[in-house]
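Here the structure is laid out as structure tokens; the discussion comes afterwards.
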Amino acid sequence: MTLLTFRFAPSPNGELHLGHAYSALLNQQMAARAGRRLLLRIEDIDITRCTPEFEAGIFSDLKWLGLGWEEPARRQSEHFSEYKAVLDRLIAEELVYPAFMSRGEIRAFIVETEKRGRDWPRDPDGVPLYPSLDKALSMKERERRIAENIPFAWRLDVEAAMARMPGALSWVEFADETMAATHTVEAKPQAWGDVIVARRDIPTSYHLAVVVDDALQQVSHVVRGQDLYAATGVQRLLQQLLGLPPPLYFHHRLILGPDGRKLSKSLKDTGLAVLRQAGMSPQDVRRLVGL
């Protein structure tokens, strides 16, 4: 019988903060209630921003918090060949296409469109959807551009993907951290448009890597922040296309800063290492995040 499995999956592109501490400790708490497995995954596919120093900091912070996990931790950067095999399958099934528009070209196209009185659709994060003009390119033209090393990304053709769905797409969500009750959530991957699933130099993206890893590691419960709630729809679509078993989900509350916004590495919010150096204890951290 497959053991129920949780995972904490940080990216080593900055220091862990209180929001990460809450997510890690909540995963540990929920896994421990019934003697379940807890895995640590290092999501380091962004090879330009992820560093060994930040990764070492993750291990130090989590050990200080008292987190335990099954060794070894999985590093996504060591498994590009596995993601490439899945990407090749999506290419062969014509579910993805090479998208060549630069950010400047995207902005210019949208500005021109909105000048004509049409509001351009945005995804749940407020980012304009990709225009997807590249879908009209011939195979010969696509091959020519790739051969000439024109930058591109592989984007999921959501319309084609949804056409292959046998019925409604959904996921099962826990109502709270006690896991006493669940409800079904309708997945709406169309809200994100044609998302990136891989880049020319990196054969995966967050969405693709996470569904492959969760399946390979037999993750049964995904416990992560509410900020990823809407993105689950894209991942459920990929799971369905690839025939991967969906885990159960719980999207927990976010830890907010004094100004009411969610904590962020990019905004240089205070990291756990700084709090530790200031004399704070793991028990203090637990109290601060409500555990």
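The table that follows gives values for the structure above.
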read-out	value
Using alpha-carbon coordinates, inclination of helix 206-216 to the longest axis of the chain, degrees	60
Amide H contacts of ARG200 (H built 1.01 Å from N, under 5 Å, at least 5 apart or other chain)	PHE152, TRP154
Kirkwood Rh and Cα Rg combined as Rg/Rh, the chain	0.98
Proxy reagent accessibility, fewest Cβ within 10 Å first, across TYR83, TYR229	TYR229, TYR83
Label-reachable residues, the stretch 150-190, where backbone N falls under 15 Å from a point 7 Å from SER132's Cα toward its Cβ	154-165, 188-190
Long-range HN-HN contacts of TYR130 with modeled amide H, under 5 Å	ASP194
Sum of -39500 (n - 2.57) over DSSP H runs of 4+, divided by residues of the chain (222 nm, nearest 500)	-11000 deg cm²/dmol
Directionally averaged projected area (convex hull, Cα atoms, the stretch 44-188), nm²	14.2
Whole-number percent relative contact order across the chain, with pairs defined as alpha carbons under 8 Å at least 6 apart	24
Total lysine pairs under 28 Å (Cα atoms) in the chain, excluding pairs fewer than 8 apart on one chain	10
Amide proton proximity set for LEU169, modelled H, under 5 Å, gap of 5+	ALA187
The stretch 210-291, Cα convex hull volume normalised per residue, Å³	133
Among beta bridges that DSSP assigns inside the chain, antiparallel share in %, nearest 5	50
Approximate shape of the stretch 234-277 as ellipsoid semi-axes (Cα gyration tensor, √5λ), whole Å, largest first	34, 13, 11
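Here, each number is a calculation from the coordinates, and none is a lab measurement. As the structure is a prediction and not an experimental result, all values here were calculated from the model. Quick reminder, even Gly has a Cβ in these numbers, built from the backbone with ideal geometry, and neighbours come from all protein chains shown.
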